[in-house]
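Trainee: Take a look at the following structure, please.
The values are calculated or read from the model by the stated rules, or taken from the named source; none is laboratory data. Small disclaimer: the values here were computed from a predicted structure and weren't measured. Cβ: placed from backbone, ideal geometry, glycine included. Neighbour counts: every protein chain shown. The area values use the complete protein model at the heavy-atom level, side chains included, leaving out ligands, DNA and RNA. Shrake-Rupley method; radii C 1.70, N 1.55, O 1.52, S 1.80 Å.
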Amino acid sequence: MRKALRWLLALTVLIGTLSTAGSATAAQPEATDIKDRLLAIPGMSLVEEKPYTGYRFFVLNYTQPVDHRHPSKGTFQQRITVLHKDVSRPTVFYTGGYNVSTTPSRREPTQIVDGNQISMEYRYFTPSRPAPADWTKLDIWQAATDQHRIFTALKPVYDQKWISTGGSKGGMTATYYERFYPRDMDGVVAYVAPNDVVNREDSAYDEFFANVGTEECRDRLNGVQREALVRREPLEQRYAAYAAENGYTFKTVGSLDKAYEATVLDYVWGFWQYSLLSDCDTVPADAKNATDEEIWTSIDTIAGFSFYTDQGLEPYTPYYYQAGTQLGAPTIVFPHIERKYIRYGYLPPRYFVPRDIEMRFQPWAMRDVDRWVRTNARQMLFVYGENDPWGAEPFRLGKGARDSYVFTAPGANHGARVAGLVDSEKALATAKILEWAGVASASVQANPSAAKPLAKFDAKLDKRGVERTLRP
């Protein structure tokens, strides 16, 4: 009798389950088109879809809490893009740490694994900024949690392996994300990521500038930089006319004089960040006998006199806020310039953020990340450029790291890539990215030197335009 009752109960439950499942399927048929699947995610909305051969490209908004610790206290719309290849392919999660481009593009790991790419705009860069903006909610944990929520929302759609990546501040962002959510990603590829562990200790940068490139090139650059300060009065007159012509103002930095010096002091750094040793021929060889026009043009081309204006600084307020509260910022010396020519020195981030935004530095933030990377890194790859100033303070791996690597591309600048590594490291890095993404062939697993990108180079998708700003 008991067996019969148990059988009858089991049959009743089974029929009920099938009936419920059938009703749910009938009421909510599973979306098959990728756009429908993306828009079925709660909080996701479409801005636009742009065509690109072989892909679907979407610009989307995703609703995020302003404060992930208190989600009920307001939301904002965070812009993301989706370069869709196929749900059966791995996915690369990219952020540059600033605004996101709404033009289809593909990062190097995406080309290597021939996968999908999710790109995130960093919080507080417009239009992904709460209104009004509570700047205390702009920190590395909140941003990492933005990524975690986006990953959690998209993982059911893109259910293969995921790799996070980013360059410069984006490389830092990928690293911080891994520190706070180490179970999300299957691998991390961080390019040219600065690691300013102790903000007040910046001698590594001074050593870098004393040895980078060749003595001849350093002398050329130092000569132009010094001469721009020697000729401060006539060149500042030109700067004032240039500012008036373009409607530029200097309220945030404090004065035209401060903006002029800040631009000049960025000159040598800017050259090595974006140029190559072979570009030294473009720098005036005899600065003392160069014309004002030649000095102005060289400084403006490399450092940009528009940057420290209010109009130039405004888009970068979120970066400078973070540099002045958690990330840190370099301070360097200029031994080739007499002290009488330097009035302010390398200005700290406080000078580049409007005064009504309060800032307080948290020295423990970068120490925590550095300690974590040294002792806990798993399947992380850091790529640096030999001649990139931002690589003077890199991430390093300790005894606790596993299957992780730090490689440096010879002669490369801030645009260093896996493709620029020496052959053995390039092959190993490529093989690891394929392995972490779950798409390494048997031949690559047996012989990493055979590793190559799975997708062909696409001139439109893969070519990187250089954004001429001296931030990381």
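Trainee: From the list Val369, Val406, Val353, exactly one residue is open to solvent by 20 Å² or more (accessible area, probe 1.4 Å) and either among the β-branched types (Val, Ile, Thr) or free of Cβ contacts under 8 Å to residues at least 40 places away in the same chain (or both). Which is it?
Mentor: Values: Val369 fails: open to solvent by 20 Å² or more (accessible area, probe 1.4 Å); Val353 fails: open to solvent by 20 Å² or more (accessible area, probe 1.4 Å).
Unique residue meeting the criteria: Val406.
Trainee: Can you pull out every residue in the range 70-102 that is within 27 Å of Leu327 (Cβ to Cβ) and in a loop (DSSP other than H, G, I, E, B)?
Mentor: Matches in the range 70-102: His70, Pro71, Lys73, Gly74, Thr95, Gly96, Gly97, Tyr98, Asn99, Val100, Ser101, Thr102.
Trainee: Looking at (1) in a strand (DSSP E or B); (2) within 22 Å of Thr165 (Cα to Cα); (3) open to solvent by 10 Å² or more (accessible area, probe 1.4 Å); (4) in contact with a Phe, Trp or Tyr (Cβ under 8 Å, 6 or more places away or on another chain), can you tell me which one Asn61 breaks?
Mentor: (4)
Trainee: Check whether at least one residue in the range 384-401 is under 15 Å from Thr175 (Cα atoms), touching a residue at least 12 places away in the same chain (Cβ under 8 Å), part of a strand (DSSP E or B) and out of contact with any helix residue (DSSP H, G or I) (no Cβ under 6 Å at 6 or more places or on another chain), and report yes or no.
Mentor: Scanning the range 384-401, I find no residue that is under 15 Å from Thr175 (Cα atoms), touching a residue at least 12 places away in the same chain (Cβ under 8 Å), part of a strand (DSSP E or B) and out of contact with any helix residue (DSSP H, G or I) (no Cβ under 6 Å at 6 or more places or on another chain), so the answer is no.
Trainee: Report whether or not Arg183 is under 30 Å from Phe208 (Cα atoms), open to solvent by 10 Å² or more (accessible area, probe 1.4 Å) and either among the small types (Gly, Ala, Ser) or outside any strand (DSSP E or B) (or both).
Mentor: Values: under 30 Å from Phe208 (Cα atoms): no; open to solvent by 10 Å² or more (accessible area, probe 1.4 Å): yes; either among the small types (Gly, Ala, Ser) or outside any strand (DSSP E or B) (or both): yes.
In short, no.
Trainee: State whether one or more residues within the range 136-147 are assigned to a strand (DSSP E or B) and either farther than 18 Å from Gly97 by Cα or in contact with a Phe, Trp or Tyr (Cβ under 6 Å, 6 or more places away or on another chain) (or both).
Mentor: Looking only at the range 136-147, we keep the residues that are assigned to a strand (DSSP E or B), and these are none.
Checked the range 136-147: no residue is assigned to a strand (DSSP E or B) and either farther than 18 Å from Gly97 by Cα or in contact with a Phe, Trp or Tyr (Cβ under 6 Å, 6 or more places away or on another chain) (or both).
Trainee: If you scan the range 186-197, which residues turn out to be of a type in the set (A, V, I, L, M, F, W, C), open to solvent by less than 10 Å² (accessible area, probe 1.4 Å) and assigned to a loop (DSSP other than H, G, I, E, B)? Outline the logic, then answer.
Mentor: Residues of the range 186-197 of a type in the set (A, V, I, L, M, F, W, C): 188-190, 192-193, 197.
Then drop every residue that is not open to solvent by less than 10 Å² (accessible area, probe 1.4 Å), which leaves 188-190, 192-193.
Selection gives Val192, Ala193.
Trainee: In addition: What are the pairs, 6+ residues apart or on separate chains, where a residue within the range 279-299 that is in contact (Cβ under 8 Å) with a residue 60 or more places away in the chain has its Cβ under 9 Å from a residue that is in a loop (DSSP other than H, G, I, E, B) and of a type in the set (Phe, Trp, Tyr)?
Mentor: Between residues of the range 279-299 that are in contact (Cβ under 8 Å) with a residue 60 or more places away in the chain and residues that are in a loop (DSSP other than H, G, I, E, B) and of a type in the set (Phe, Trp, Tyr), the close pairs are Trp296/Phe305; Ile299/Phe305.
Trainee: Here's another thing I want to ask about it. With Arg417, Arg468 as the choices, which residue is modelled with pLDDT under 95 and among the charged types (D, E, K, R)? If you could, list the steps in order and put the result at the bottom.
Mentor: Details: Arg417 fails: modelled with pLDDT under 95.
Among Arg417, Arg468, only Arg468 is modelled with pLDDT under 95 and among the charged types (D, E, K, R).
Trainee: Scan the helices (runs of 4 or more DSSP H) fully inside the range 402-472 and keep the ones with 3 or more residues being within 24 Å of Pro104 (Cβ to Cβ).
Mentor: Details: elements: 423-436, 442-446, 459-462.
Qualifying helices (runs of 4 or more DSSP H): 423-436, 459-462.
Trainee: Please work out if Arg69 is closer than 19 Å to Gly115 by Cβ, over 21 Å from the mean Cα position of the chain (by Cα) and not aromatic (Phe, Trp, Tyr). Quick ask: steps written out before the conclusion?
Mentor: On the way: closer than 19 Å to Gly115 by Cβ: no; over 21 Å from the mean Cα position of the chain (by Cα): yes; not aromatic (Phe, Trp, Tyr): yes.
So Arg69 does not fit the description; no.
Trainee: If you don't mind, there's one more thing I want to ask. Evaluate the range 153-168: report whether one residue or more is assigned to a helix (DSSP H, G or I) and at pLDDT 95 or above.
Mentor: In the first step, residues of the range 153-168 are kept if they are assigned to a helix (DSSP H, G or I); the result is 153-154.
Checking which are at pLDDT 95 or above leaves us with 153-154.
Yes.
Trainee: Of (1) within 27 Å of Trp269 (Cα to Cα); (2) free of Cβ contacts under 8 Å to residues at least 60 places away in the same chain; (3) more than 21 Å from the chain's Cα centre (by Cα), Val444 satisfies all except one. Which?
Mentor: Failing condition for Val444: (1).
Conditions tested, residue by residue: (1) touching a strand residue (DSSP E or B) at 6+ places or on another chain (Cβ under 6 Å); (2) part of a helix (DSSP H, G or I); (3) of a type outside the set (Gly, Ala, Ser); (4) surrounded by 24 or more Cβ atoms within 10 Å (Cβ to Cβ).
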residue	(1), (2), (3), (4)
Tyr176	no, yes, yes, yes
Arg200	no, no, yes, no
Phe209	no, yes, yes, no
Glu227	no, yes, yes, yes
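So that you can scan it fast, the table gives a plain yes or no per residue for (1) out of contact with any helix residue (DSSP H, G or I) (no Cβ under 7 Å at 6 or more places or on another chain); (2) open to solvent by 20 Å² or more (accessible area, probe 1.4 Å); (3) farther than 18 Å from Met44 by Cβ:
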site: Pro65; (1), (2), (3): yes, no, no
site: Arg69; (1), (2), (3): yes, yes, yes
site: Ser72; (1), (2), (3): yes, yes, yes
site: Gln77; (1), (2), (3): yes, yes, no
site: Asp86; (1), (2), (3): yes, yes, yes
site: Phe93; (1), (2), (3): no, no, no
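Trainee: Name the residue, out of Ala455, Ala450, that is more than 18 Å from Gly385 (Cβ to Cβ) and either open to solvent by less than 20 Å² (accessible area, probe 1.4 Å) or touching a Phe, Trp or Tyr at 6+ places or on another chain (Cβ under 7 Å) (or both). Spell out how you get there, then give the answer.
Mentor: Details: Ala450 fails: either open to solvent by less than 20 Å² (accessible area, probe 1.4 Å) or touching a Phe, Trp or Tyr at 6+ places or on another chain (Cβ under 7 Å) (or both).
The unique qualifying residue is Ala455.
Trainee: To continue, here is another question. Residues being in contact with a helix residue (DSSP H, G or I) (Cβ under 8 Å, 6 or more places away or on another chain) and either closer than 27 Å to Ala241 by Cα or not small (Gly, Ala, Ser) (or both): count how many of those fall in the range 283-299.
Mentor: First, the residues of the range 283-299 that are in contact with a helix residue (DSSP H, G or I) (Cβ under 8 Å, 6 or more places away or on another chain): 283-288, 290, 292, 295-296, 298-299.
In the following step, the residues that additionally are either closer than 27 Å to Ala241 by Cα or not small (Gly, Ala, Ser) (or both) were identified as 283-284, 286-288, 290, 292, 295-296, 298-299.
Counting residues in the range 283-299 that are in contact with a helix residue (DSSP H, G or I) (Cβ under 8 Å, 6 or more places away or on another chain) and either closer than 27 Å to Ala241 by Cα or not small (Gly, Ala, Ser) (or both) gives 11.
Trainee: Would you confirm whether any residue within the range 112-130 is crowded, with 23+ Cβ neighbours inside 10 Å, part of a loop (DSSP other than H, G, I, E, B), more than 16 Å from the chain's Cα centre (by Cα) and modelled with pLDDT of 95 or more?
Mentor: Yes, the conditions are met somewhere in the range 112-130.
Trainee: Going by what's in this entry, would Asp310 be described as acidic (Asp, Glu) and within 30 Å of Arg367 (Cβ to Cβ)? Working first, answer last.
Mentor: Numbers: acidic (Asp, Glu): yes; within 30 Å of Arg367 (Cβ to Cβ): no.
No.
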